[in-house]
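The values are calculated or read from the model by the stated rules, or taken from the named source; none is laboratory data. Predicted, not measured: the structure shown is a model, and the values here were computed from it. Cβ: placed from backbone, ideal geometry, glycine included. Neighbour counts: every protein chain shown. The protein model used for the area step is the full one, side chains on, heavy atoms only, and it has no ligands, DNA or RNA in it. Shrake-Rupley method; radii C 1.70, N 1.55, O 1.52, S 1.80 Å.
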Amino acid sequence: MGDTQDQDSLFPLSAAYPIDRAYDEMYDRGHGVRDHYGPLQSRISTLGAGELADRQRTLEQSFLLQGITFTVYGAGASTEQIIPTDLFPRIIPAAEWARIEAGLTQRLQALNLFLADIYGDQTILKDGVVPRDLVLGAPSYRREMQGLFVPHKAYANVCGSDLIRNEVGEFVVLEDNLRVPSGVSYMLANRDAAKRTFPGTYRSSGVRSVERYPDTLLATLKSLASDWRSNPQVVVLTPGVYNSAYYEHAYLARLMGAPLVEGRDLVVHDNLVYMRTTTGLKRVDVIYRRVDDDFIDPLTFRRDSSLGVAGLFNAYRAGNVVIANAPGTGVADDKAVYAYVPAIIRYYLGQDAILNNVETYLCREPDQLDHVLGNLDKLVVKAVGASGGYGMLVGPHASLQERAEFAQQLKADPANYIAQPTIQLSTAPCLIDGAIEPRHVDLRPFILCGEKIVVTPGALTRVALKRGSLVVNSSQGGGSKDTWVLSDPRAQAQESPA
Amino acid sequence: MMLARVADSLYWMGRYIERAEHVSRLSDVMLTASLDTSGDALLAARTVLGAVGETQIALEGKSAVDVAAALMLDRDDPGSVIVSLARARENARQVRDQITSETWERLNLLFLRITSPKAAKQFDQASLPFLHEVISDLFLFKGAVDTTMSHGEGWRFLMLGIYLERAQLIVRLLDVCFGEAAGGEPLNDHLAQMNLLRMACALEPYLRVYTADIQPKLIQEFLLFSEEFPRSIQFATARIEEHLKALASPGLDQGSSAPERLAGRLSARLRFADLEEMASQGAGSLLATVNQDCARIHEAIYGAYVDYSLEHHLPG
């Protein structure tokens, strides 16, 4: 039955599936199916358009039912929407993943050493490897963190880097997210859905499991306080139900078995942090905060914040509570500091970066600014402090007028901008209105760092759902799909009994 | 041990669920009554609107279907089912990490169905099946609560919400028919009395005890004092007392104002109420007392578990 092709089969695809400049995850340039996509491709080709559309619908229904939604803020009203999810998984072979894993581990190691240094002796600044004013003048630099003890010197405990695959098929790092990266719940939900959509293919492909993420996260968080508390109380701090990532906060709390608290649930007394429970106050040891630095403590940071806890930073300074990620980690994922990451890796580890950066122009340097202004039509320009696809210009897609306006902003405040060449992100097959078409994708793996660094063998693949678009952010019409990291066939052979 | 805010949300989730179920059932009985003679329908509709405390819906110039549609789907009316369900779900979302996926999905499904743009049309085309489906979905929700959630602290707060709301809703229903809210015109029509039993979901259990001998005195006796019928006030009070006793921590003696003590007193009051005296003086004063006691228990729960002052709890 599985071998007969449906009347409405969508294969062969080659005519409907243009392969352009971008690297395609499934097809090589001659429309040959890459080996690691073989089983999935042959499974899909036995299913007709109607069957695929049914599976896609079932998938979306189940997301809606589970409440896997994010909040979209429009004019006046806000609504809950599911993040559009594509049913075809994106597949990464074992050898490629091994390089990604080594590269991410190296990178986070170096960035944590960098944070410990700039909030400590600042040798890297004294040696002139990174310009002093670039670091100390960054809005994400927190003077309050200077000289504080941080367990295991692990400043960034939860990291979600953005990787992209360029035209020649090489994975490069686009951004290090060291503040409060989100999306891991979608990785887990997508996996759940993919298992139900393609159970046979999943089983036979040797996909590495991502389901350990919540307990690895809990172990990482506990390891931050285990030196001074025997069974540390971990909580997840959320801005509340109106935050766009609330689903994820509740999801992680539920899977870790940790209370999901809001600022109003916490009280600081004598530099100790407590939560208000039905049986009185209970001591809190580790706060996995999903609230930005600015909002965690109105006494230390933004005074108008009602999301945080008054006095929390003092309790942290006194060493009575751990905040993860540590305040001030944002300075290491600053878009301008990013350009120096290869130098940072060389400085602390004496190694070349395993994963390359995207070529980056710092507009604070006059000669680089001139180059950027002269090539606005070819470059992507980003504001250093912004994220989520806001405050950026995609040169090739912008009108003449938009570029002229942006050039004015650039000249007015050059230090606030960086520029990168537009990279054709790789494409992967997606089901779009009943047809299989290529769409650009990126890759967000999740890395945990407590006593040791653990890279989860999986990722969130974000998809730019508009044809030709390179913007994958969910706030800008992006979707996602499951990511299958395949286990090494040799390692598998060793594991199986003789 | 759980967060005070979480206990609060679970409690209100229970209250709104119970309210949604009650109003759906009232609508159902009213619509069914409207299939018969018009006099019954009007009486049933009056009883219903009297029994739904918060509503702003007026009866004038409306058919039973219009009133039921508003009770179910009017987003601007604080007493409507759609508003209760939206609030129940909002509370569930606040404590999404504390309730099981099975429980959440039941409620979310119902919420998505009743807020869908198609709901008004579906109600229009098949009102009674629509109501039955909402009520069965709420039964399924309660079943999921009972069979998938741990019967610990969080569950008890949810059940407290359900039973306190139920006690007050039944008090109000009886008051509209026999008490002060009846305005000296107690319900004496046979069909109307049957409908009252239906509104309390009590007709069949009543018939088993008293046979088809339907009398106001017996109806009140059953809905107030039955120890076995889950919607009687006595039954609800006994559960409230049970849950509060289980929640009370031995170290913290709150004296006579403790919620479990208040619940115990209400339970005793009902157990020793004088039926003959009530029959001669009417149920009004007892119903008012029960209602006041419920309100006091509600406040005491807040004082003990949610909104307590920090002074007594800070170390040294």
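General remarks:
- Proportion of all alpha-carbon pairs of the range B:164-316 beyond 22 Å (%): 45 percent
- Count Lys and Arg as plus one, Asp and Glu as minus one, and take only other residues whose Cβ is under 12 Å from that of A:TYR202; the net charge is then +4.
- Summary of the geometry: the range A:319-383 and the range A:181-209, compared by the centres of their Cα atoms, lie 32 Å apart.
- Relative to the Cα centre, the charge distribution of the range A:31-143, modelled as +1 at Lys and Arg Cβ and -1 at Asp and Glu Cβ, gives a dipole magnitude of about 160 debye.
- Mean per-residue shielding of peptide B:304-315 is 4, counting Cβ atoms of other chains within 10 Å of each Cβ.
- In a reduced charge model with +1 at each Lys and Arg Cβ and -1 at each Asp and Glu Cβ, the range A:294-379 shows a dipole moment near 380 debye about its Cα centre.
- When you filter the trypsin sites (Lys or Arg not before Pro) in the range A:278-384 for DSSP loop state and at most 13 other Cβ atoms inside 10 Å of their Cβ, you are left with A:ARG303, A:LYS378.
- Anisotropy class of the range B:110-192 from Cα gyration tensor, a/c 1.5 cut: oblate
- Inter-chain Cβ neighbour count for B:150-157, averaged per residue, equals 1 (cutoff 10 Å, partner chain atoms only).
- Span from the the range A:230-251 Cα centroid across to the the range B:47-84 one, whole angstrom: 38 Å
- Relative contact order, whole percent, for the range A:109-191 stands at 22, derived from Cα pairs under 8 Å and 6 or more residues apart.
- Ranked by the mean number of other Cβ atoms within 10 Å of their residues, highest first, the peptides A:255-268, B:9-22 come out as B:9-22, A:255-268.
- Rounded, prolate or oblate (a/c below 1.5 giving rounded, otherwise prolate when a/b exceeds b/c) for the range B:9-81 by Cα gyration tensor: prolate
- The order of the peptides A:393-401, B:283-291 by mean Cβ neighbours within 10 Å, most packed first, is B:283-291, A:393-401.
- Candidate lysines - alpha carbon under 29 Å from A:LYS153, same-chain residues fewer than 8 apart omitted: A:LYS126, A:LYS222, A:LYS282, A:LYS335, A:LYS452
- Sequence-separation-based contact order of the range B:164-316, relative, with Cα cut under 8 Å and 6+ spacing, percent: 27 percent
- The lysines whose alpha-carbon is closer than 23 Å to the alpha-carbon of B:LYS118, local same-chain residues fewer than 8 away aside, are B:LYS62.
- Spin-label model, A:GLU359/A:LYS466: points 7 Å from Cα along the beta carbon direction are separated by 2.7 nm.
- Most positive-pole-ward Cα, A:GLY206, B:ILE297, A:VAL172, against dipole of the protein assembly as shown from beta carbon charges: A:VAL172
- Farthest positive-ward along the range A:216-316 dipole, Cα basis, beta-carbon charges - from A:PHE301, A:TRP228, A:TYR316: A:TRP228
- 1.4 Å probe accessible area per residue over chain A, in Å²: 41 Å²
- Computed accessible area, B:MET194, all protein chains, 1.4 angstrom probe, square angstrom: 40 Å²
- For A:ILE92, nonlocal amide neighbours, meaning residues 5 or more places apart or on other chains whose placed amide H falls under 5 Å from its own, are A:TRP484, A:VAL485, A:LEU486.
- Relative compactness, the range B:1-148, computed as alpha-carbon Rg over 2.2 N^0.38 Å: 1.08
- What the pair-distance distribution of chain B shows, using all Cα-Cα distances binned every 10 Å from zero, is 6, 26, 33, 24, 9, 2, 0, 0 percent.
- Computed Rg/Rh of the range A:360-421, alpha carbon atoms with Kirkwood Rh: 0.91
- Mean residue ellipticity at 222 nm, helices only, chain A: -9000 deg cm²/dmol; runs of at least 4 DSSP H residues each add -39,500 (n - 2.57), and the sum is divided by the number of residues.
- The relative contact order of chain A comes to 22 percent, based on Cα pairs under 8 Å that sit 6 or more residues apart.
- Beta bridges from DSSP with both residues in chain A: antiparallel share about 75 percent, rounded to the nearest 5.
- Peptide A:279-287 shows a mean partner chain C-beta count of 4 within 10 Å per residue C-beta.
- Dipole magnitude of the range B:164-316, debye to nearest 20 (Cβ charges: Lys/Arg +1, Asp/Glu -1, about Cα centre): 240 debye
- Simple rule: put +1 on each Lys or Arg Cβ and -1 on each Asp or Glu Cβ in the protein assembly as shown, find the dipole, and look at B:LEU314, B:MET30, A:TYR247; the Cα lying farthest toward the positive end is B:LEU314.
- For A:LYS411, a cut-off of 17 angstrom between C-alpha atoms picks up these aspartates and glutamates, skipping any fewer than 8 places away in its own chain: A:GLU365, A:ASP367, A:ASP370, A:ASP377, A:GLU402.
- Length, then width, then depth: along the principal axes, the Cα atoms of chain A run 72, 61, 57 Å.
- Rounded to the nearest 500, the helix-only mean residue ellipticity at 222 nm of chain B stands at -22500 deg cm²/dmol, with each DSSP H run of n ≥ 4 adding -39,500 (n - 2.57).
- Interface size B-A, as summed buried accessible area [1.4 Å probe, Å², nearest 100]: 2800 Å²
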